[in-house]
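The values are calculated or read from the model by the stated rules, or taken from the named source; none is laboratory data. Keep in mind that what you see is a predicted model, and the values were worked out from it rather than measured. Every residue, glycine among them, receives a Cβ derived from its backbone with ideal geometry; neighbour counts consider all protein chains shown. Ligands, DNA and RNA are excluded from the accessible area calculation, which covers all protein heavy atoms including side chains. Shrake-Rupley method; radii C 1.70, N 1.55, O 1.52, S 1.80 Å.
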Amino acid sequence: MCLIVFSWRPSHALPLIVAANRDEFHARPSLPLAAWEDAPHIIAGRDLQAGGTWMGIGTAGRFAALTNIRAPGMPIGARSRGELPERYLRSELSPQAYLTEVTGHLQHYSGFNLLVGDARELWYLNSAMGTPEQLPAGTYGLSNAALDTPWPKLVRARSALQECLYTPVTETLLQLLGDSQPAADAELPSTGVPYEWEKRLSSVFIAGADYGTRASTVLIRRADGSTELTERRFGPAGPLGESRISLPPLSQMSEPMRV
C-alpha cells in the first residue's frame with residue numbers, strides 16, 4: 001500500500017473503517033482480493049512476485065496492512081515486506097506480541113509501516129522508529145512516511161474520510177480514493193525522488209502507463225464483527241474488475257460470502 005486512511009473507534013457501532021490505495025508497477029503480478037486457497041481464513045490480495053500481501057483480514061477480527069517507507073538509496077532488505085501482514089494473519093499472536101517479535105528482525109526488511117489489529121486493539125510499527133505503538137481511537141493517515149506525516153494527499157484523503165464517518169458508504173470511500181489531483185508545487189514533500197516523480201506520486205490516485213494505483217480497497221467493520229470488503233482494480237487503461245466480500249458477525253463466522 002502507498003496510502004491508507006482509517007478510523008479506529010473500538011466503542012463505536014462501526015469500529016474500523018479503512019480506505020487504501022495500493023500503488024505498484026503494472027507489470028508486477030498479483031492475485032485479486034479473495035480467500036487464499038492454502039489459508040482460507042485469510043482474505044487478501046496476493047503478490048505473486050515476492051509473496052505476501054499489502055492488506056488483509058483473518059479470523060477473530062484480525063486486520064493487517066502495510067506501506068513502504070520512501071527512502072531512495074537505502075539498502076534493499078533480504079526479505080519481502082509483504083510477508084509481515086501475511087505472518088500476522090496466519091498467526092494467533094496478539095497484535096502487541098507480534099509487533100514485538102517483528103522488532104527483533106527489522107534489519108531483514110526495507111523500511112515499512114505496519115498496522116495489525118483484532119476486534120479489541122490496533123497497533124502500529126514504523127521500522128525506522130522500532131517501537132510498537134497502540135493506537136487510541138481516532139482517524140489517521142499513513143503513506144510512505146511515519147503515521148500522519150502531513151503529505152498533501154494524506155491530508156486530503158484523511159479529511160475526506162472524516163467528512164463521511166457518520167454515514168460511510170463503500171462507493172463514497174472508493175470515490176475518495178479516486179482523487180487524481182496532484183499537489184501544488186509549493187506543497188510537494190521532499191522525499192529524495194526527482195520532481196517528476198514527486199509530482200506524480202502526490203495525488204491520492206496515481207495513473208500511469210507503467211506505474212500507478214493498482215487497487216483501491218475499502219473495509220467497513222461493524223461492532224459485531226460483520227465486515228464488508230471491496231477491492232476495485234486498475235490497469236494502465238483503467239478499471240479491470242472488482243471484488244466484494246461480506247463476512248457475517250464473528251459469532252457466526254464460517255466461509256466468506258461473495259456478493
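Based on the Cβ-Cβ distance of Thr139 and Gln96, what FRET efficiency does E = 1/(1 + (r/R0)^6) give at R0 = 30 Å, to the nearest 0.05? If you can, show how the numbers build up before the last one.
Values: r = 22 Å, r/R0 = 0.73.
It comes out at approximately 0.85.
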Taking R0 as 22 Å and r as the Cβ-Cβ distance between His41 and Thr167, the FRET efficiency 1/(1 + (r/R0)^6), rounded to the nearest 0.05, comes to 0.10
What FRET efficiency do you get for Leu48 and Leu250 if R0 is 35 Å and r is their Cβ-Cβ distance, rounded to the nearest 0.05? 0.70
Using only Cα atoms, what is the ratio of the radius of gyration of segment 4-80 to 2.2 N^0.38 Å? 1.28
So what's segment 13-161 giving for Rg/Rh, alpha carbon basis, Kirkwood Rh from the mean inverse pair distance? 0.93
Within the accessible area of the chain (1.4 Å probe), percent carbon and sulfur: 54 percent
Given unit charges at Cβ for Lys, Arg (+) and Asp, Glu (-), the dipole magnitude of the chain about its Cα centre in debye, nearest 20, is 60 debye
Which length gain, in nm to one decimal place, applies between Ala207 and Ala184 when the Cα-Cα distance is subtracted from 0.36 nm times their residue separation? 6.6 nm
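When the chain is fully extended, how far beyond the present Cα-Cα distance does Ser110 get from Met129, taking 0.36 nm per residue of separation? Each step should come with its number before you reach the end.
On the way: separation 19, 0.36 × 19 = 6.84 nm, distance 1.32 nm.
Extending this stretch completely gives an extra 5.5 nm.
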Taking just the alpha carbons, could you work out the radius of gyration and Dmax for segment 85-160, both in angstroms? 13.0, 37
At q = 0.22 Å⁻¹, the log10 of I(q)/I(0) for segment 121-187 from a Debye sum over equal Cα scatterers comes to -1.05
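If each DSSP helix of 4+ residues adds -39,500 (n - 2.57) and the sum is divided by the residues in the chain, what number results at 222 nm, nearest 500 deg cm²/dmol?
Numbers: 5 runs with 42 residues, N = 259.
The helix contribution divided over the chain gives -4500 deg cm²/dmol.
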Whole-number D in µm² s⁻¹ for segment 167-259, Kirkwood Cα-pair radius fed into Stokes-Einstein, 37 °C, 0.692 mPa s: 213 µm²/s
How much area per residue is accessible in the chain when the probe is 1.4 Å and only protein heavy atoms are counted (Å²)? 44 Å²
Evaluate 2.2 N^0.38 Å with N set to the residue count of the chain, then give the Cα radius of gyration divided by it. 0.94
